Amino acid sequence: MDRRDFMTWMGVGALAASLPVVIAACAPDQGDETAAADPCAAADPCAAADPCAAGSVATGEAKAVGTLADLDANGQILSESASVGPVLVVHQPDNPDALVAVNPTCTHNGCTVDWVADQAQFACPCHGSQFAPDGDVLQGPASQPLTTYEVSVDGDTVLVSPA
Ligand code: FES
């Protein structure tokens, strides 16, 4: 065996020795107790798109997204970079004292929906999907509802947390 053959053989050996480590890192962990409490703990780190990447909801803790003064002045609070993910807060059409919070990312192809107050619905400017205040699809092409958040008020601060 000359030096080149020896180095080739060693390279193949090193690759074969590291393969079980790579496979174990990407294998699902069936016994992980944290997976049930935190949906992102069960995310597949080897998947092409990580659902728990920045912008998605990872915890149940309420986060401030604006103030009632903002909401009253603008008719909505739109925070596309809130720590819980993109958030659009509006007054509930049939009960203006209550608030509604959704993730405004259209489930069809990811455009940001607008709140159309006089029609009491969220409308997507890209392909025309329409959503009810509770996020349900009123008109496609979207087939999945908008993600909703729990919304609360502390003083003048509007808080949201995963529903
Ligand atoms: Fe909203 Fe297509 S991205 S309808």
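Pick from the stretch 101-114 the residues that are more than 8 Å from the ligand (Cβ to nearest atom) and in a loop (DSSP other than H, G, I, E, B): which of them is surrounded by the most Cβ atoms within 10 Å (Cβ to Cβ)?
Across the stretch 101-114, the extreme among qualifying residues is 103.
Can you tell me which residue among 134, 118, 97 is acidic (Asp, Glu) and part of a loop (DSSP other than H, G, I, E, B)?
Just one listed residue meets the conditions, 134.
Here is a yes/no grid of residues against (1) away from the ligand (no atom under 13 Å from the Cβ); (2) closer than 13 Å to residue 90 by Cα:
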| residue | (1), (2) |
| --- | --- |
| 116 | yes, yes |
| 128 | no, no |
| 132 | yes, yes |
| 136 | yes, no |
| 143 | no, no |
| 150 | yes, yes |
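Out of everything in the stretch 142-155 that is in a loop (DSSP other than H, G, I, E, B) and touching a Ser or Thr at 6+ places or on another chain (Cβ under 6 Å), what residue ends up being surrounded by the fewest Cβ atoms within 10 Å (Cβ to Cβ)?
Residue satisfying both the conditions and the ranking: 144.
Taking residue 85 as the residue in question, decide whether it is buried (at least 16 other Cβ atoms within 10 Å of the Cβ) and not in a strand (DSSP E or B).
yes
Every number in this text was worked out from the coordinates using simple rules, so none of it is lab data. Note that the structure is predicted; figures quoted are calculated from it, not measured. For neighbour counting, all protein chains shown are included, and Cβ atoms are generated from backbone atoms with ideal geometry for every residue, glycine included.
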